[in-house]
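The values are calculated or read from the model by the stated rules, or taken from the named source; none is laboratory data. Remember, predicted model here, so these are calculated numbers, not experimental data. Backbone-built Cβ (ideal geometry, glycine too); neighbour counts: all protein chains shown.
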Amino acid sequence: MEHIKAHFADSYRDEPDVVGLAVIENLYPYNPLIDGLDSLVLVIAEGEKARNEMEHVQLSGQRVMIRTIDSISLNEWLAGGENRNIIEWLVRGEILVDRDGYLSSVRERLLQFPETMREQKQFTEFAGFLRTYLQAKQDLLDGNLLDAYSHVLTALHHWAHIVLIEEGRHPELTVWKQLKRVHPGIYKLYEELTVSPETLEQRVQLVMLGCEFSVMSKMKTSCALLFKILGSREEPWSIAELQSHSSINVLHVDLSLVLQKLVKREYIREVAVMHELGDIGALELRYMMNNTLS
């Protein structure tokens, strides 16, 4: 492995557009961390080399994945969870090239897990939790029990992630092993859903009750990022403005469902205004904080 590291370090060290290079070795044959290959070379590039691409090569009998990514896309991965493996890559990888300490600063930021990053991740997980929980609820009403089980299990994962983020932990790293120590109650629900001797419908309904409470208790804290944006000006926001906001657009989250739930809970207000295009037959719905609530 050392000669492979040396090969890539020599190949990229003098490339002016490469700001960082890390290598991650796959020590376990069945671990999908790097999609079944033997090792991963993560290249962070700017300028002409700033393109997102993947390449598979073979070197000295080793199968290597080369992932090239620019710093903007890297930040999107870190904020939005689009590629959950990126956290583990950066935390566990060996840094071989680090121009101006770029990768070291990224790793330090991950380990510190600052509030801005927590807010983004928590909001993303809550949006996923809300959608899968409500889908499971509809599946139960429709009599689609296996679909309800699948969706409530996903909702439970999102809930677990929210709790770990609240504790300042990255949920990408060993979710249930961490959660068993941090929040045994949710872990117990996970066990009830997966290994309980109760019927499948009883198990799903039990977890749904827990999710119902979680939706109510986690909504306000999990949407802190959105509340800050809504409260940053007096004028109401259109959904297009919210979706394109720099703190939201990197998360790849559909805001519609979250906004409607926040309106129903009266955390935010829905305001109908004249459409900018002058269509007198339709009013545009916009959103603002409900200042009547404390």
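Some points to look at:
- Test: residue in the stretch 214-228 that is surrounded by 14 or more Cβ atoms within 10 Å (Cβ to Cβ), among the basic types (Lys, Arg) and assigned to a helix (DSSP H, G or I): yes
- Neighbours by Cβ (under 7 Å, 6+ apart or cross-chain): first from the stretch 128-144, closer than 20 Å to Met219 by Cα and assigned by TED's automatic domain parsing to the domain that holds Leu200; second assigned to a helix (DSSP H, G or I) and among the charged types (D, E, K, R): Leu130/Lys261
- Annotation: Glu284 fulfils all but one of (1) farther than 23 Å from His183 by Cβ; (2) in a helix (DSSP H, G or I); the unmet one is (2).
- Index of the failed condition, Val195 passing every other in (1) of a type in the set (A, V, I, L, M); (2) surrounded by 15 or more Cβ atoms within 10 Å (Cβ to Cβ); (3) out of contact with any His (no Cβ under 6 Å at 6 or more places or on another chain): (2)
- Verdict on Met289 being more than 21 Å from the chain's Cα centre (by Cα) and surrounded by 15 or more Cβ atoms within 10 Å (Cβ to Cβ): yes
- For Trp159: the one exception among (1) within 19 Å of the chain's Cα centre (by Cα); (2) free of Cβ contacts under 8 Å to residues at least 24 places away in the same chain: (2)
- In the stretch 141-156, the residues that are surrounded by fewer than 19 Cβ atoms within 10 Å (Cβ to Cβ) and part of a helix (DSSP H, G or I): Leu141, Asp142, Leu145, Leu146, Asp147, Ser150, Leu153, Thr154
- For Ile95: the one exception among (1) surrounded by 13 or more Cβ atoms within 10 Å (Cβ to Cβ); (2) at pLDDT below 90; (3) closer than 24 Å to Arg169 by Cβ: (2)
- Single unsatisfied condition, Trp237 versus (1) farther than 28 Å from Gln138 by Cα; (2) in the same structural domain as Gln135 (by TED's automatic domain parsing); (3) among the aromatic types (Phe, Trp, Tyr): (2)
- Listed conditions (1) in a helix (DSSP H, G or I); (2) buried (at least 17 other Cβ atoms within 10 Å of the Cβ) are all met by Ser104, apart from (2).
- For Glu198, the conditions (1) more than 19 Å from the chain's Cα centre (by Cα); (2) assigned to a helix (DSSP H, G or I); (3) farther than 20 Å from Asp254 by Cβ are fulfilled apart from (2).
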